[in-house]
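Participant: Structure below; questions to follow.
What follows draws every value from the coordinates through simple rules; no lab data is involved. Keep in mind it's a predicted model, so treat the numbers as computed, not measured. FYI the Cβ positions are ideal-geometry reconstructions off the backbone, even for glycines, and counts take in every protein chain you see.
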Amino acid sequence: MPHVFCGKWICTPEFAAMQPRNMYHKEHAPAQYTLSDTDPHNVHVLFRRSFLLAKQPGRYILRISADDYGKYYINGKFIGQGPTPDYLENYQYNEFDITPYLTEGENVFVAHVYYQGLVNRVWISGDLCMGLIADILTPDGKVLLSTDESWGFAVLRNFTETHKFSYDTQFAENYDSRVPIPEFQPVALRGDNGITFAPKPAQAIQISHRKPVLTRELPDGGTFYDFGQEITGTLRIVAKGKAGERIRILCGEELDDSPIGVRYDMRCYCRYEEYWTLADGENVLEQYDYKAFRYVALIPEAATTQIADLTAVVRHAPFDDDLCNLECDDVILKQVFELCKNGVKYGTQEVYTDCPSREKGQYAGDMTVTSGSQLWLTGDVYMLEKGIRAHISSTKICKGFMAVLSGALMQEIADYSLQFPLLLLRHYSFTKDKAFLGEMLPYAEDMLGYFEAFDRGDGLLEGVEEKWNLVDWPKNLRDGYDFELTNPIGKGVHNVINAFYVGATKNVERIKEILGIPHEHKSQKLAAAFNRVFLSTETGLYVDSEGSKHSSLHANILPAFYEFAPEENKAAIRDFLKGKGMACGVYMSYFLLRALCRLGAQEYVYDCIVSQGENSWYNMIRDGATTCMEAWGKDKKFNTSFCHPWSSAPICILIEELLGVSYDGTVGQCCLPEKAGKVTMQIPTAKGILRITRGV
């Protein structure tokens, strides 16, 4: 059952007077709204309420949500932030134990709520809805305080607008400390605007503080800071100066040859350049929205300005660095593992982000790879289950699922939708939860029904024009795939989308077998049709499209991955894939390495993981990355981000395919080659921590 608040949604009178917008629409259908230059955006509002308390023994709980986002304080102390972005049909909220922050007598609660107002992959924003809803509960479960007309609000005018980052993802925060907080005014009320809250509170984001590992003075004034690795978070800066003096704040993922040294105009289209204007005396700046960075430069414009302190406020989903660790003789394997581990840690925020810089959104296909690694690193199925439920919420827009889960930007990718059954089977492998599997099955069936509408008559899909047919990204790493992948797609049938369809059908049938549900073996007929059209009788390999003579790497990955390639063709496909090497993007490398393991090429897979070639994880390390990157190197994609957890495949491939470990802690056949030497892993499984040693 959805949660119901006692409190009411409160907002400013400006927003209470606005008619909410429906942001949902199919990607290629016209939006039901029209954006205007006068639309509110980048709005920061404080909501405040004081209250008297006679403290009782036990825990006081703050139950709260905000639109778009909030940071919460009691008596000036930070409590937490949220909510997780999600659809209106499963809107998220948080619970915080506020007992340590309360005092006998008068207490003051403040929420700093942010309405971004942009149409992007982050929040369902641009909908003209903002506000706060909250209940404070006493130890005996009674409501001590709720949001209502008695609260006050003040709109902050300290943030001055200059530019946005990347694809309208974030506003630069140029903050003026001279601007006072206005007098608080009575709030207005808004309706629920179609919001149904999730049945349970969301996990809170994990917050920590980090100091730079290196600091040096810049030649023309200012200070350079290195945090030692890529992180996600905000900056807390303490400075002294005179009113009107400014500090230029630059952040970046890599260095450049300039005197400043920080490449703040980043490859991923984020220009991390901001200005802080000081008031007289000591000033403290706590930034609001997070960035992905390693390096910082603070450059005062006046010689009288003094930087007293810099701290990074680091954030990510709950993550214990000590849960999953690798010790091994192979130095490169260890480096690659840590690279991918860091990428998953800092790329998993309230959602599995595409990247925590350029997009900050949750893509369904990225989830396939990231969740496979994140589940092993944390032993916690929460993020995967929440991601699966985000798919379900998106069916209000399309039964074939959306690709961005959630966000006001409507995008659809056919390849990603068809991977949904993979996520369900992963969840079941970890939890053995048949009830959840049964609950999700109808949505998987509806998804297949959506795609079946594009069946040209022989079981092959043609013209799935409503959704982007991706194959791989960037497009220069599709190994010459010779079907023209326009968006929307053109005429004809091509390999990858149909291979995913065959595989999805096969996996839905597997789910029914787990649940004991009788079913037609439709996947066998689809595989036969697929092999009849795409399997070359001349070469024994799969071609890219009907009538094509070209066999790309991508055309041969998925029939092996989903195990419907004929037995007599497997050796040829294996040798072909090995001969091609890593001629794909990092996203598709997950399917490639899995496919090779299913073809018995585990030793070659190990060589791929520790390769020092041009298309390798080690090449990311050579390029200065400390988290796995969006592409094989900084010059391999025109807008590469340095933190992109969709390239974390080595973690789950190493554990499952090479070490032979299952989610339940079962240890099967080891497929590590002797040259790997001794490998010891501590792994969180569904039954607890497992520590195994393989090799010499």
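Participant: Can you tell which of Phe227, Ala297, Ile207 lies farthest toward the positive end of the dipole of segment 207-316, using +1 and -1 charges on the Cβ of basic and acidic side chains (Lys, Arg; Asp, Glu)?
Facilitator: Ile207
Participant: Now a separate question. Which whole-Hz ³J(HN,Hα) couplings does segment 310-315 yield from phi under the Karplus relation 6.51 cos²θ - 1.76 cosθ + 1.60, θ = phi - 60°, glycine and proline marked x?
Facilitator: In residue order, the calculated couplings are 9, 9, 8, 8, 7, 9 Hz.
Participant: Here is a further query. Enumerate by residue number the trypsin sites (Lys or Arg not before Pro) in segment 31-129 meeting two conditions: DSSP loop (anything except H, G, I, E, B), and at most 15 other Cβ atoms within 10 Å of the site's Cβ. Please report the intermediate quantities before stating the final value.
Facilitator: Details: sites: Arg48, Arg49, Lys55, Arg59, Arg63, Lys71, Lys77, Arg121; in loops: Lys55, Arg59, Arg121.
Hits after loop and neighbour filter: Lys55, Arg59.
Participant: May I pose another question? Total Lys pairs in segment 301-400 closer than 21 Å by alpha-carbon, pairs eight or more apart in sequence or interchain only?
Facilitator: 8
Participant: Under unit Cβ charges (Lys, Arg +1; Asp, Glu -1), what dipole magnitude, rounded to 20 debye, does segment 363-422 have relative to its Cα centre? If you can, show how the numbers build up before the last one.
Facilitator: Working: 4 positive and 5 negative charges, 47 e Å.
I would put it at about 220 debye.
Participant: In deg cm²/dmol and to the nearest 500, what is the mean residue ellipticity at 222 nm of the chain if only DSSP H runs of at least 4 residues count, each as -39500 (n - 2.57), divided by the residue total?
Facilitator: Details: 15 runs with 169 residues, N = 696.
Helix contribution divided over all residues of the chain: -7500 deg cm²/dmol.
Participant: At a threshold of 8 angstrom on Cα-Cα distance, excluding pairs fewer than six apart, so keeping six or more, what relative contact order does segment 325-694 reach in percent?
Facilitator: Working: 663 pairs, mean separation 82.4, N = 370.
The normalised contact order for segment 325-694 reaches 22 percent.
Participant: Under a Cβ-Cβ cut-off of 9 Å, what is the net charge of the residues other than Gly233 that fall near it, where Lys and Arg count +1 and Asp and Glu count -1?
Facilitator: Computed value for this residue: +3.
Participant: A further question on this structure: If Lys and Arg each add +1 and Asp and Glu each add -1, what is the summed charge of the other residues whose beta carbon sits under 14 Å from the beta carbon of Ile307? Please list the in-between numbers first.
Facilitator: Details: positive: Lys211, Arg216, Arg236, Lys240, Arg246, Arg248; negative: Glu217, Glu245, Glu282, Glu301, Asp309.
That sum, taken over residues with Cβ under 14 Å, equals +1.
Participant: Residues with amide H under 5 Å of Glu546's amide H, sequence separation 5 or more or different chain, H placed in the peptide plane at 1.01 Å from N; which?
Facilitator: When sequence neighbours closer than 5 places are left aside, the close amide H contacts are Val493.
Participant: What are the ³J(HN,Hα) values, in whole Hz, obtained from phi via the Karplus relation 6.51 cos²θ - 1.76 cosθ + 1.60 with θ = phi - 60°, for each residue of segment 485-490 in sequence order, with x given for Gly and Pro?
Facilitator: Coupling constants for segment 485-490: 9, 6, 10, x, 6, x Hz.
Participant: A follow-up question, please. Taking neighbour counts of Cβ atoms within 10 Å as a proxy for exposure, in what order, fewest first, do Glu254, Glu301 appear?
Facilitator: On the way: Glu254 18, Glu301 15.
Sorted ascending by nearby Cβ count, the order is Glu301, Glu254.
Participant: Then there's this: Tell me which lysines have Cα within less than 16 Å of Lys522's Cα, excluding those fewer than 8 residues away on the same chain?
Facilitator: Answer for Lys522, where 16 Å is the Cα cut-off: Lys506, Lys512, listed by chain and number.
Participant: In segment 478-520, if the dipole is taken from +1 on Lys/Arg beta carbons and -1 on Asp/Glu beta carbons about the Cα centre, which of Gly490, Val502, Gly516 is farthest to the positive end?
Facilitator: Gly516
Participant: Another question, if that's okay. Among the GluC sites (Glu not before Pro) in segment 396-483, which ones are in a DSSP loop with at most 16 other Cβ atoms within 10 Å of the Cβ? Mind listing them?
Facilitator: Numbers: sites: Glu412, Glu439, Glu445, Glu452, Glu462, Glu465, Glu466; in loops: Glu412, Glu462, Glu465, Glu466.
Passing sites in segment 396-483 are Glu465.
Participant: Still on this structure: Between Val43, Leu672, Asn158, whose Cα lies farthest towards the positive end of the dipole of the chain when Lys and Arg beta carbons carry +1 and Asp and Glu beta carbons carry -1, centred on the Cα centre?
Facilitator: Farthest towards the positive end: Leu672.
Participant: Might you report the magnitude of the Cβ-based charge dipole of the chain about its Cα centre, with Lys and Arg at +1 and Asp and Glu at -1, to the nearest 20 debye? Please list the in-between numbers first.
Facilitator: Working: 70 positive and 90 negative charges, 174 e Å.
Value, rounded to 20: 840 debye.
Participant: Of the trypsin sites (Lys or Arg not before Pro) in segment 353-398, which ones lie in a loop per DSSP and count no more than 15 other C-beta atoms within 10 Å? If you can, show how the numbers build up before the last one.
Facilitator: Details: sites: Arg358, Lys360, Lys386, Arg389, Lys396; in loops: Arg358, Lys360, Lys396.
For trypsin sites (Lys or Arg not before Pro) across segment 353-398 that sit outside H, G, I, E and B with at most 15 neighbouring Cβ atoms in 10 Å, the list reads Lys396.
Participant: Per residue of segment 641-657, what does 6.51 cos²θ - 1.76 cosθ + 1.60 with θ = phi - 60° give for ³J(HN,Hα)? Whole Hz please, x for Gly and Pro, Karplus curve as stated.
Facilitator: So the Karplus estimates, Gly and Pro as x, are 9, 8, 9, 8, x, 5, 9, 9, 3, x, 5, 6, 5, 4, 6, 7, 8 Hz.
Participant: Right, next: On a 0 to 90 degree scale, rounded to 10, what angle separates helix 522-534 from the longest Cα axis of the chain?
Facilitator: So the inclination is approximately 70 degrees.
Participant: Now for a different question. Please give the FRET efficiency for Asn476 paired with Gln682, using the beta carbon to beta carbon distance and R0 = 41 Å, rounded to the nearest 0.05. Before the final figure, lay out each step's value.
Facilitator: Values: r = 39 Å, r/R0 = 0.95.
E(calc), rounded to 0.05, equals 0.60.
Participant: Under 15 Å from the Cβ of Met402, count the other residues' Cβ atoms, weight Lys and Arg +1, Asp and Glu -1, and hand me the total.
Facilitator: Values: positive: Lys26, Arg121, Arg389, Lys396, Lys399, Lys467; negative: Glu27, Asp86, Glu89, Asp354, Glu359, Asp366, Glu412, Asp415, Asp446, Glu466.
Overall, the nearby charge balance is -4.
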